[in-house]
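Working notes for the structure below.
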Amino acid sequence: MMDVFGEDQFRRMIHYYLNHHAYGNVETNDLYQAFQDTLGYSPFWFFDEWIYRGGEPHYDVSYKDVTVHPGASRQTEISVRQIHPVDELVGYFTMPIAFEVHYMDGTFDRVKQTISGPADTAVVPNPGKRTIAFVLFDPGSMVLKSVTFKKSFEELRNQALHAPLMIDRYDAVAAMDSVDLPVKRRLLAELFDREDFFYIREEIVRQLANDNDEASLGVLRKALRDRADAVRSSALKNVPIIPATLRPDF
């Protein structure tokens, strides 16, 4: 909600709402009325789709790296389809969503566009004709949703290494669950050493827990001494048979 209406406006509205209903009983309409009283407009569409009705959107996302005119300009066209079941209760959702295209040189471009129908396309200009490293749909996961967005291992690798926000790095690591161990093993070991957020280290341990390669065993040794109890717990829960070389660590 804050991402939709703006942080300052949302905080002003919620401050009004809390002050006017302190220690009292409230209903949804009281929050709705607080929008009207403080901001001067009706958020009917938001309440109707996201609160009064049911379900949540499931977005199917893909993109194309497009050269508009040979040698002239380049852009990324991101296609979004809403693929959840639609009936008399659940319709297509309206939501302003951010799109980011990150490039191999470390720069990125960002646009924000309202997605509302069964199919929409967002266009991100690439005037510098840079090489795409990875594309983010709703960076930071601001929207309640399900997403199908197929990415190559190289895209997931780039995202896991370089996405600015933790949740986007985590999504990339979690998506590697279906990748063969020989392909991802060294990368996951590198990520374990450089990643500050414990939830990502926990996921890495889960994916490597059944692998007897020395790189994976090295991660498990570190995990058993990790500062975060969730990471230590992940090693204890997910290793099916303790290798002899790790018994002292366990």
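The values are calculated or read from the model by the stated rules, or taken from the named source; none is laboratory data. Values in this document were obtained by computation on a predicted structure and should not be read as measured data. Here Cβ is always computed from backbone atoms with ideal geometry, including for glycine, and neighbour counts include all displayed protein chains. Surface accessibility is based on the protein's heavy atoms, side chains included, excluding ligands, DNA and RNA. Shrake-Rupley method; radii C 1.70, N 1.55, O 1.52, S 1.80 Å.
Summing -39500 (n - 2.57) over the DSSP H runs of n ≥ 4 in the chain and dividing by its residue number, what mean residue ellipticity at 222 nm do you reach, to the nearest 500 deg cm²/dmol? Please list the in-between numbers first.
Numbers: 10 runs with 99 residues, N = 250.
Calculated mean residue ellipticity at 222 nm is -11500 deg cm²/dmol.
The relative contact order of region 202-250 comes to 41 percent, based on Cα pairs under 8 Å that sit 6 or more residues apart.
Would you mind giving the average projected area, over all directions, of the Cα convex hull of region 1-150 in nm² with one decimal?
Details: hull surface 44.8 nm².
It is 11.2 nm².
Rounded to whole numbers, the Karplus 3J(HN,Hα) couplings from phi for region 126-136 are 10, x, x, 6, 7, 7, 6, 9, 6, 10, 10 Hz, using 6.51 cos²θ - 1.76 cosθ + 1.60 with θ = phi - 60°, and x at Gly and Pro. Entry note, the chain: relative contact order of 12 percent, from Cα contacts under 8 Å with a spacing of 6+ residues.
Protein heavy-atom accessible surface, 1.4 Å probe, per residue over region 1-155: 56 Å².
Taking 0.36 nm per residue of separation and subtracting the Cα-Cα distance, full extension of the segment from I241 to S79 would add 53.8 nm. Across region 76-91, coupling constants 3J(HN,Hα) worked out from phi with the 6.51/-1.76/1.60 Karplus curve, θ = phi - 60°, read 10, 9, 9, 9, 10, 10, 8, 10, 6, x, 10, 9, 5, 9, 9, x Hz, and Gly and Pro carry x. Ranking V86, A98, Y41 by Cα position along the charge dipole of region 1-99, where only Lys, Arg, Asp and Glu carry charges on their C-beta atoms, puts A98 farthest toward the positive end.
Taking 7 Å steps out from each Cα toward its Cβ at F250 and L181 produces label points 1.5 nm apart. Under a model in which nothing but the beta-carbon of Lys, Arg (+1) and Asp, Glu (-1) is charged, region 10-155 shows a dipole of about 520 debye around its Cα centre. Computed from backbone phi with θ = phi - 60° and the Karplus coefficients 6.51, -1.76 and 1.60, the 3J(HN,Hα) list for region 212-228 is 9, 5, 4, 5, 5, 4, x, 5, 5, 4, 5, 4, 5, 10, 5, 5, 9 Hz; x is used for glycine and proline.
Percent of accessible area on the chain owned by carbon and sulfur, 1.4 Å probe?
That share works out to 51 percent.
The calculated P(r) of region 37-121, using every Cα pair and 10 Å bins from 0, goes 14, 36, 27, 16, 6, 0 in percent.
For the chain, the share of DSSP beta bridges that are antiparallel, to the nearest 5, is 90%.
Equivalent ellipsoid semi-axes for region 162-215, as square roots of 5 times the alpha carbon gyration tensor eigenvalues: give them largest first, rounded to whole Å. Walk me through the numbers on the way to the answer.
On the way: eigenvalues 66, 26, 18 Å².
Those come to 18, 11, 10 Å.
A viscosity of 1.306 mPa s and a temperature of 10 °C, combined with the Kirkwood radius over C-alpha pairs in the Stokes-Einstein formula, give region 1-64 a diffusion coefficient of 118 µm²/s.
Using a Gaussian network model of the chain in which every pair of alpha carbons under 10 angstrom is joined by a spring, one finds that among Y41, Y170, Y92 the greatest mean-square fluctuation is at Y41.
The Rg/Rh ratio of region 108-225, with both radii computed over alpha carbons and Rh defined as the Kirkwood radius, is 1.03. Evaluated with a Cβ-only charge set (Lys, Arg +1; Asp, Glu -1), the chain carries a dipole of roughly 840 debye about its Cα centre, given to the nearest 20. Springs join every pair of Cα atoms under 10 Å in this Gaussian network model of the chain, and among R221, R11, R110 the largest mean-square fluctuation is at R11. Taking a temperature of 37 °C and a viscosity of 0.692 mPa s, what whole-number D in µm²/s does Stokes-Einstein yield for region 120-180 with Rh from Kirkwood over alpha carbon pairs? Translational D for this selection: 257 µm²/s. Candidates V205, V231, T245 compared by Cα position along the dipole of region 160-250: farthest toward the positive end lies T245, with charges placed on Cβ.
The list (1) 24.3, 82; (2) 22.5, 68; (3) 16.8, 49 gives values of Rg and Dmax of the Cα atoms in Å, and only one came from this structure; which label was calculated from it? Correct label is (2).
The distance from the alpha carbon centre of region 36-92 to that of region 205-250 is 41 Å, rounded to a whole number. What the Cβ-Cβ distance of K129 and W45 gives, at R0 = 35 Å and to the nearest 0.05, is a FRET efficiency of 0.35.
From the Kirkwood radius over Cα pairs of region 187-232, Stokes-Einstein at 25 °C and 0.890 mPa s returns a whole-number translational diffusion coefficient of 241 µm²/s.
Quick one: which of K129/K184; K150/K237; K184/K237; K151/K184; K145/K222; K150/K222 span more than 23 angstrom between C-alpha atoms? With Cα atoms farther than 23 Å apart: K129/K184; K150/K237; K145/K222; K150/K222.
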